[in-house]
1. Size of segment 141-255 along its principal axes in angstrom, Cα-based, largest extent first?
2. Just the projected area, averaged over all directions, of the convex hull on the alpha carbon atoms of segment 242-330: how many nm²?
3. Taking the Cα-to-Cβ direction at residue 187 and at residue 37 and moving 7 Å from each Cα, how far apart do the two end points lie in nm?
4. What residues have an amide H closer than 5 Å to that of residue 301, excluding those fewer than 5 places away on the same chain, when H is modeled at 1.01 Å from N in the peptide plane?
5. Which part of segment 169-204 falls in the paramagnetic zone of residue 268, meaning amide N under 18 Å from the point 7 Å along Cα-to-beta-carbon?
6. Apply the Karplus curve 6.51 cos²θ - 1.76 cosθ + 1.60, θ = phi - 60°, to the phi angles in segment 244-261 and return the couplings in whole Hz, x for Gly and Pro.
7. Kindly state, to the nearest 0.05, the FRET efficiency for residue 225 paired with residue 293, given R0 = 35 Å and r defined as their beta-carbon distance.
8. Check which residues have an amide H placed less than 5 Å from residue 280's amide H, if you skip close sequence neighbours.
Amino acid sequence: EPRGLVNTGNICFANVVLQALVHSGAFYVLFRDLAVVVPGNIGRRGLLRVQAWNEDPFVPEFLYDAMKENKRFDSMQRGHQEDAEEFLGFFLDTLHEELLALLSKHTPSSALADTAGTNTSEGGGEDEREDAWLEVGKKNKVTVTRTTKARESAITRIFGGKLRSVLRTPGAKDSVTLEPYQSLQLDIQPDYVRTVEDALLHLTQSETVQVHSASRGGAVDATKQVFVESLPPILVLHMKRFIYDAVGGVQKSQKIVSYGTTLEIKPEVLSPAQRSGKPVRYKLYGVVYHHGKFATGGHYTIDVLRQDHSEWIRIDDTHIAPVTESEVAEPKKNDKVAYLLFYQRVEDGGEPQAPVTKPISTAQPHQQQQMSGGAKPPPRVQPQRPVR
C-alpha cells in the first residue's frame, strides 16, 4: 500500500520525487532485489537504504542525514522550498555513484568490464574519457562526433538518454556532440507550444549562434540543432516554468500545456539515424504539480498510477486519495500546473517495458541496509532553478 511522507517543513519537493520513484516499476524492482542480496554491513552512510515495510506515514530521516554528508545537496537547506526537478537530478546522480561503488566492491574486476557501458557528456572526470571520430552520413557527408565514455549503472539505464547536438559552421565539417540527460528539458514559452508533443518538436528547432572560425579569421553565424539520440525506459519531461524576467527576476509561467496518459514520440524529434519507422510509445504514470503564483515558494503534490495499474492516487504529503485518469489529464486551475511528467515506455502491445535491471531475486525486502560510494556520475544538463 502507498505510504505518505511527513512534511517537516517545506520538504514537499523531496516527497513528490520519492513518491514518483517508488511508483516506477524498474526502480522498485532494483531496490527490492538489493534489499535481499546486499550485505548489511556495507557502510553507515549513503542514500541506498531500504526500510522495513510499514503502512504509516513516516519521515525519511536517514535520507536527510545522508544528504547532509554529500556536498551536492549543500544548496538545499532543510526548511527552505527547493526545486523538485533539481532535487530529482541530484538524487539520481548520487544513487548512480553509490551503485557504482557497490558494484566495484562486490563484483570481480573481470566482470566489471562486461557490466560497464558508455554514457556521453560534455564534461570529463576520473571515470570518463573523451572520444572523437569522423562519422559519415547520407550523401557521404562527414561530421566530427564527440562523446565522453563513462560507466553505466542501473540508474542511467533506467532514466538516462542522449541528445545529439549538431553545429553547422560555414567552411567547416559539422560538429556533433552527444550529451546525456535524465530529465528532458522542455521550453513551453513559444505561443505555438500548446501540448507536450509541440514542446518536443520545439526542442529540435534550429537556432543561430556565433562561433569563432579560424579559417575565416573571426566570428561567423553557425546553426545549432538538437535531436533526441536515445530514449530511456523511464522518460521524465521537465516543463520549464521558471523563467527570467529582466524587470521582475525569476517568474513562474502558469501556461497550460496539454498532455495525455499516452505519448508517442514523433520521428521528427529523433535524430535521422534513429528514425526506424517503428513508433516509440510511453504511458504516463506520474505527474508532479507546482502550486502557487511565484517561483520563490509554493507547494508540490503528485498524482501517481499504482504499480498494479489498478487506480490513480493523489498524494499531498501524508494525505492520499483516489483520483480518476481523466482528472489527471485535465487542465489545472487555481495556480496548480503540471511541472514534471513521468512516462514508462511500453511495448507494441501496450504493456510496460520489462525492467532493465535484471532481477536478482523475487523475495521481498526483509532487512534494513545502506551503502555508500564516491564514483563520479555522468554530468547533467544544468537544471533550471527558481530564485530562493
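Bear in mind these aren't lab numbers, they're just calculated from the coordinates by the rules spelled out. Predicted model, so just to flag it, every value in this text is computed and none were measured. Please note: Cβ atoms are built from the backbone with ideal geometry, for glycine as well, and neighbour counts cover all protein chains shown.
1. That gives 46, 43, 24 Å along the principal axes, largest extent first.
2. Orientation-averaged projected area of the Cα hull: 8.8 nm².
3. 4.4 nm
4. Distant-sequence amide H within range of residue 301: 289, 291.
5. 186-204
6. Running phi through 6.51 cos²θ - 1.76 cosθ + 1.60 with θ = phi - 60° gives 8, 10, 4, 8, x, x, 6, 10, 9, 8, 9, 4, 7, 10, 6, 8, x, 7 Hz.
7. So, using R0 = 35 Å, E works out to roughly 0.50.
8. 265
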